[in-house]
Amino acid sequence: MKAVWSGSISWGLVNIPVKLYSAVESRRVDFRLLCREHKSPVRYKRVCEAGGEEVGWDDIVTGLELEKGNYFILTREEVDRLKPEGKENLEIIEFVAKTELEPIYYDKSYFVVPKERSERAYFLFRELLDEMGVAAIGKFVMRNKEYMCAIQPFGEGLLLSILHYHQYIRDIGEVMAGVERPEIGADERELGELLIRKHLKEEFHPEEFRDTFMERLKELIRRKMEGETIEIGEIPAKEGEKSLVEALKASVGMGMEGSVPSASATVTAAVEHVRSTGHITREYLPMLCEKGTEGVLDEEGYIFEPKMDGTRCIAEVYEDVKLINRRGRDISRRYPLIVKELGKLTHNCVLDGEIVCFNEEGVPDFNLLQKREQISSEILIEGRSKGIPATYVVFDILARGGEDLVEKPLSERKRILDETVQDGEHVMKIAYEGDGRKLWNEMRKRGMEGVIAKRVGSAYHPGRRRWDWLKLKNLKTIDVVLVGYTTERREISALGMALYRDAELVYTGSVGTGFNEHLIKMLKREIRDSKLRTDKPQVVNPEKAPKGMKWLKPHLVGEIQYLEMTGGGELRAPSFKGLRWDKPVEECSFDQLWKGRIEECIEIFNHEEGQAVTPYEHERLCEDYLVEQPTLLKGGSTIPYAWVKAKLEAYRRGRVPNSNYKDARAN
């Protein structure tokens, strides 16, 4: 057997020359991909996506995709210089009890074998580890990569296990989010313990377990090589589902009748000693809003804040700074600049706020934020921290020092917040208004999400939804073609939406809220009577649709309320409002998006100026938009109100401004 690594264990001033051998034998069968016709191997080529030609190794560089289509180039020489040195030395850093090493950290294993004339030091090292019940933790370099490892006694020798770095271990809370722990019945618990005890062995004999798939595969290959015809058997039908108690009773060999012996307390004790899943203890959960109406904008006793389009976040600022999102996850590592600045600007407090990314117009942009939220690579996090800076917008303080502030009125908490937190480059306190109508109109002008109304005397109710806080969203509507539906939970769980771009239908997401059983029956009847089902997707990008989409011919039109169009071309926060029997599918195009925004700006202009925009002026606005669109939307996805206002004022003065709407915004 060939050694995979050769070097020395560095234990204080003692060096132990050793070799590493793979501890696990690979029995994998390597299948080759063959051409069905010629039975010859299939080769792959390195083809340039842009030019389409094959690229030689000399013309290839490495790049890191910071965002879609934007690559940061690194040369091989630059990367090679970063590779660690010290290929022949395994340095022991510390010793820990073997029980401290949790299974999730283990990766590959290797036998450690002493070289000639190093046996004395090797076996001394092994016996001490065995007698003291400890493992040696170290680092070494193999194949130009640095590894963390644990060395423990195994059989007559030593076993080295590669360990995963802690920074790459995922939080189990991410996959357990939303899973509610049910109440376990006494019968279920007792039967479960009985089932465990029935199969409990004093010793583990791994040799009793065989890789049966590999054995069956070898048998299949042997039989085919001998010319035997292989018949594929049917999959046996599953038995009917049993309740949990029934399944447990059947498993322990009991019928439905009979008594269950009393279970001991050992299982309960074991459960009590299960380690935490990594979720942070959430002393403070974000207070939530109810939906409000425009009438509250004119009421007294409220303050009004811009509704930020970002990630809600509790900031715990003590010796360490932690950013905890609404699901209780620590997202601090995604926003290193916010964490660093919070530690400088304030201390010993708990804050409530929202992480946002502002576009060039100073408007929170959810699409930009998604480029920060959906990455885990430390290199990408650092790169995008500078390229797409995030800001923590603080609007409440829940604790300062040892004092809990949630029972204090909002007005008092705002005063304490001003005393406690300074504004910085990546941290800012939210601005608020006493005039709700004024702020609402300003949010509509800027194309922002809406307004939050908060009662001045309200306490903070962690994790609760209260009428003391009301949200008013600046929602939009659009007509879409219904191109399919899914059936996960009921006859129609969600409807697939599409819009026309020229003559092509483009999938724009699915909507699963806003329709009831009556509408589902109506849709099913219309799909059946009009024979709308088709196996062929009618959209140019069917890969964007969820699996199991049942496709429809373009016939039905639905009215959708939504928040905005995402950078990925899908409607965000859609809600179904009803069917539009009066509208042809051909009119459901992307043009509705910009035309609707122009109409919204015209409505605001009419209210401010008191002189209605004429049909001629409206038509000119649309014509100018089509010409200036590339410049106009740079850095944002919403037509600025300042551009519309400057155009209309120019029409009335008899001149047309240029496309640089920033000049108009400054006036």
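The values are calculated or read from the model by the stated rules, or taken from the named source; none is laboratory data. Here the structure is a predicted model, which is why all the values come from computation and not from measurement. Cβ placement follows ideal geometry from the backbone for every residue including glycine, while neighbour counts extend to all protein chains displayed. Quick note on the areas: whole protein, heavy atoms, side chains included, nothing else; ligands and nucleic acids left out. Shrake-Rupley method; radii C 1.70, N 1.55, O 1.52, S 1.80 Å.
Can you work out the accessible area per residue across the chain, with the rest of the protein chains kept in place, probe 1.4 Å, in square angstrom?
Value for the chain: 63 Å² per residue.
Suppose we keep just the alpha-carbon trace of the range 1-62; what are its Rg and Dmax in angstrom?
Calculated on Cα positions, Rg and Dmax stand at 22.3, 64 Å.
With +1 assigned to the C-beta of every Lys and Arg and -1 to the C-beta of every Asp and Glu, and no other charges, what is the dipole magnitude of the range 1-104 about the Cα centre in debye, to the nearest 20?
Dipole about the Cα centre, nearest 20: 740 debye.
Tilt of helix 212-225 relative to the longest C-alpha principal axis of the chain, in degrees (0 to 90, nearest 10)?
Tilt of helix 212-225: around 80 degrees.
ARG525 to ASN144: extension gain in nm, 0.36 nm per residue of separation minus the Cα-Cα distance?
130.7 nm
Run the helix sum for the chain: -39,500 (n - 2.57) per DSSP H stretch of 4+ residues, divided by residue count, reported at 222 nm to the nearest 500 deg cm²/dmol.
Mean residue ellipticity at 222 nm (helix-derived): -8500 deg cm²/dmol.
Rounded to whole Å and ordered largest first, report the semi-axes of the equivalent ellipsoid of the chain derived from its Cα gyration tensor (root of 5λ).
55, 36, 33
Once both labels are modelled 7 Å past Cα along the beta-carbon direction, what's the HIS164-THR99 spacing in nm?
2.4
Please compute the contact order of the range 1-128 in relative form: average sequence separation of alpha-carbon pairs under 8 Å and at least six residues apart, divided by the residue count, as a percent.
Reported relative contact order: 35 percent.
Counting other Cβ atoms within 10 Å, keep those with at most 16, restrict to DSSP loop, and tell me which GluC sites (Glu not before Pro) in the range 314-378 are left.
GLU319, GLU360
Do any GluC sites (Glu not before Pro) in the range 389-451 lie in a loop, going by DSSP, with at most 12 other beta-carbon atoms within 10 Å of their beta carbon, and if so which?
Here the GluC sites (Glu not before Pro) that fit, given the DSSP loop and packing criteria, are GLU407, GLU425.
Quick one: Cα centre-to-centre distance for the range 292-371 and the range 151-213, in angstrom?
Comparing the Cα centres of the range 292-371 and the range 151-213, I get a distance of 39 Å.
Any idea which of ILE452, GLN370, SER411 is furthest toward the positive side of the dipole for the chain, if Lys and Arg beta-carbons carry +1 and Asp and Glu beta-carbons -1?
Toward the positive end, the furthest listed residue is GLN370.
Could you point to the residue in LEU472, VAL96, LEU66 farthest towards the positive end of the chain's charge dipole, with +1 and -1 charges on the Cβ of Lys/Arg and Asp/Glu respectively?
Value: LEU66.
Roughly how tilted is helix 378-387, in degrees to the nearest 10 and between 0 and 90, from the longest Cα axis of the chain?
20
Note down the magnitude of the dipole of the chain about its Cα centre, charges +1 on Lys and Arg C-beta and -1 on Asp and Glu C-beta and zero elsewhere, to the nearest 20 debye.
1160
Placing +1 at every Lys and Arg Cβ and -1 at every Asp and Glu Cβ, with all other atoms neutral, what dipole size does the range 486-540 have around its Cα centre, in debye to the nearest 20?
It comes to approximately 220 debye.
Using the Cα atoms as the points, what is the convex hull volume per residue of the range 332-382 in Å³?
Each residue corresponds to 103 Å³ of Cα convex hull volume.
Kindly flag which residue pairs out of LYS45/LYS218; LYS473/LYS550; LYS445/LYS473; LYS473/LYS583 have an alpha-carbon separation exceeding 21 Å in this structure.
LYS45/LYS218; LYS473/LYS550; LYS473/LYS583
Express the carbon and sulfur contribution to the solvent-accessible surface of the range 126-182 as a percent, rounded to the nearest whole number, probe 1.4 angstrom.
52
Given LYS307/LYS414; LYS524/LYS547; LYS2/LYS145; LYS307/LYS553, which pairs have Cα atoms separated by over 27 Å?
Over 27 Å Cα-Cα: LYS307/LYS553.
When ranked by the protection proxy of mean other Cβ atoms within 10 Å per residue, highest first, what sequence do the peptides 174-183, 154-163, 552-561 form?
552-561, 154-163, 174-183
Could you give the angle, 0 to 90 degrees to the nearest 10, between helix 517-529's Cα long axis and the longest principal axis of the Cα atoms of the chain?
Helix 517-529 and the main axis of the chain meet at about 90 degrees.
Among all the aspartates and glutamates, which ones have a C-alpha under 14 Å from LYS438's C-alpha, if same-chain residues fewer than 8 places away are not counted?
GLU294, ASP298, GLU299, GLU300, GLU305, GLU608
Carbon and sulfur together cover what percent of the accessible area of the range 389-497 at a 1.4 Å probe radius?
45
Check the straight Cα-Cα distances from LYS224 and name the lysines below 22 Å, setting aside those fewer than 8 residues away within the same chain.
Those lysines meeting the cut-off are LYS39.
With a cap of 10 neighbouring Cβ atoms within 10 Å, and only residues DSSP puts in a loop, list the chymotrypsin sites (Phe, Trp or Tyr not before Pro) found in the range 22-123.
Taking the range 22-123 and a limit of 10 other Cβ atoms within 10 Å, the loop chymotrypsin sites (Phe, Trp or Tyr not before Pro) found are PHE31, TYR44.
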